[in-house]
Amino acid sequence: MKLPTALHLFNEGLAFLLEVAALAVLAWWGWESAENTALRLLLAVAAPALAATVWGLFAAPKARIKVPLAGVLAVKALVFGAATLALFALDQPGWAVAFGLVALANTALATADRQAAMRQGA
């Protein structure tokens, strides 16, 4: 299903916001997950850095390592799933469910849109 241009642009913008939000949530989780300040800082930096590195290597539009669609979707599920679980761990179940559902819908729409564009040769 090829999305209308306005919906395509909205969905792409939403995808970017979800990616940034996932990194922010992972940093928040890292900070809240330890008592020791040094460990808090390490986790708050390392969790989103790891997610961003994996995303950049495999799932970004200009990923360094090209993988099949299933690989890209696996990375997205890993990062968005980790952010969703982090929100649950932070005692934010409403935000966790909302984030997970929006990320799922966004990814499904983007995938369908990209596949339709590839079939049309665009």
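The values are calculated or read from the model by the stated rules, or taken from the named source; none is laboratory data. Since we're looking at a predicted model, the values are computed, not measured. Cβ: placed from backbone, ideal geometry, glycine included. Neighbour counts: every protein chain shown. SASA here: full protein model, heavy atoms, side chains in, ligands and nucleic acids out. Shrake-Rupley method; radii C 1.70, N 1.55, O 1.52, S 1.80 Å.
How high is the relative contact order of the chain, in percent, counting Cα pairs under 8 Å that sit 6 or more residues apart?
Computed over the chain, the figure is 32 percent.
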Along the dipole axis of the range 47-122 (charges at Cβ: +1 for Lys and Arg, -1 for Asp and Glu; origin at the Cα centre), the most positive-end residue among Trp55, Leu78, Met118 is Met118
Inter-centroid distance (Cα atoms) of the range 66-80 relative to the range 35-50, Å: 24 Å
Leaving out ligands, DNA and RNA, and with a 1.4 Å probe, what % of the accessible surface on the range 36-122 is carbon or sulfur? 73 percent
Taking a probe of 1.4 Å, how large is the accessible area per residue of the chain, in Å²? 61 Å²
Please list 3J(HN,Hα) in residue order for the range 110-116, calculated via the Karplus relation 6.51 cos²θ - 1.76 cosθ + 1.60 where θ = phi - 60°; whole Hz, with x for glycine and proline. 4, 5, 4, 5, 5, 5, 5
In degrees between 0 and 90, to the nearest 10, how far off the longest principal axis of the chain does helix 37-58 point, with axes built from Cα atoms? 20 degrees
When you count, for each residue, the other Cβ atoms within 10 Å and take the mean per peptide, how do 49-58, 80-89, 65-74 rank with the highest first? 80-89, 49-58, 65-74
Under unit Cβ charges (Lys, Arg +1; Asp, Glu -1), what dipole magnitude, rounded to 20 debye, does the chain have relative to its Cα centre? 600 debye
